[in-house]
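Only one structure is covered here, and it is reproduced in the block below.
Bear in mind that the values in this text are calculations on the coordinates, not laboratory data. Small disclaimer: the values here were computed from a predicted structure and weren't measured. Positions of Cβ are backbone-derived with ideal geometry, glycine not excepted, and every protein chain shown enters the neighbour counts.
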Amino acid sequence: MKKKKKVVDELAGSGVKRIQLLGGEPLYSDRIFDLLDYIGSKGIKVGINTNGVMLSEANIKRILNANCVDDIIISLDGLEKLHNKIRAANIFNIIIDNLNTLIKLKKQKNVQLTVGVNTVLTGENTEDIYELLYVLDGIGIDYWHGLELVKFDTNEKTFTLDEIIEILKKLGQIQQKVSLIIKPKFTFPFIVQYVNITYGFKLYLAEHFCGADLTFAYIDWSGRFYPCDRALPTNLNKDIYKNLKIHELYVNKTSLDKCITSDLFKAFSFVYADETIKAKACIGCPYYKKICYPCMVVLKNTDADKAYIYCLEMKQKIFTEWIQKFKSECLNDEYVIPENIILYKNTSTMYLFDVKLDNIYEIEDNLIKAILVSLYNNSSKNKSDIFAEVLFSPYTEINVFDEYETFVTNFTTAFTDIQQKGVIYDISKTLL
């Protein structure tokens, strides 16, 4: 306990505001309550992840009396039959009874404490979840986290995009009938918002955020220090972060400051700066680097676009709908560059300029850049084909939740600019 208190002292001295107790079962030993009292004395808030079995009335009272625990998360895999099967024990009803007791005592003592439930979506438990949400709402649970089954060493996904949309639609319908907040963290806010807009739901846009090296770190039972609980040697590709596998960053042996400023943590900062730019799905996303940020482990172990295949498919789905609508509305489908405009290219530069007026304008507009690239090899093509190419161009960072009509207006204006004035634009051949 002395070592643990020493770690708490250093965390408090470094300005840490919150400690989340998770992994194994935090309530397994009675010593946890002495630690809670000590953490509370330092003004640090605590969250506890538990399987719920050890949440006896006596333990609940000790937790509430600690005055530092403001959030408790319980793991449930489904309804009684399935949960007991997965956990290989008849514990479902025990957990439900404990949850009822927790909510009752929380209200009696008027403690500011949120209670949530985590469920990892596996495909096997999807149908159970819908009924489980009504059960949790009846108990008085504050929120439910639907979590993704993370596979670090494979691109294999548990669900298809269409299956995710169907799950979200059912969750959206349930959210309209219950008080607990449904947080679909198993997918990206980009996809959740598409379902919200398309079907008129108000599902919570849960953070899909990795804060490794930015907002949190992980300390295991031995005191070993990691950027996060997922960045463990067993989860990493053999060629990735070799220093992580052999590092000796023990917070009970090395100062916290040295741990945080180590090469290990700098490596994660580098990923934040560079790697995510390669993900096509993130271009133009209104949630990118706000509430949606990539998992370093997944990003380093898989191709960026494959890691974000759901968002890429969602983007393609939305743009396909736009293209079909544009084709149906486009009265004059064929577009030919006007005679007074010449498209010229050499080994490294493409020029488009007005010969008659002898004018050259540098174009900053990304839409025009995208149109020029589309016309690079063919100066005469269908406007709807150009529209489709522009939508998927790396030059156009389109927020897909903007109005379709707004984008069409901007697209039409770009064509007018090309017709009315000459432009010049340098472009690398590799981008074409």
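Remark: for residue pairs Lys290/Lys317; Lys3/Lys290; Lys157/Lys325, the C-alpha separation exceeds 25 Å in Lys3/Lys290; Lys157/Lys325.
Sorting the segments 174-180, 162-168, 49-55 by their mean number of nearby beta carbons within 10 angstrom, highest to lowest, gives 49-55, 162-168, 174-180. Would you please give the FRET efficiency between Ala89 and Lys290, computed as 1/(1 + (r/R0)^6) with r the Cβ-Cβ distance and R0 = 41 Å, to the nearest 0.05? Between Ala89 and Lys290 the formula returns 0.50.
You can think of it this way: the chain between Glu207 and Glu127 has 26.4 nm of extra reach, that is 0.36 nm per residue less the Cα-Cα gap.
Filter Lys81/Lys183; Lys2/Lys107; Lys185/Lys315; Lys17/Lys202 down to the pairs with a C-alpha to C-alpha distance above 28 Å, please.
Lys2/Lys107; Lys17/Lys202
Cβ-to-Cβ counts within 10 Å put Val373, Val390 in ascending order as Val373, Val390, the fewest first.
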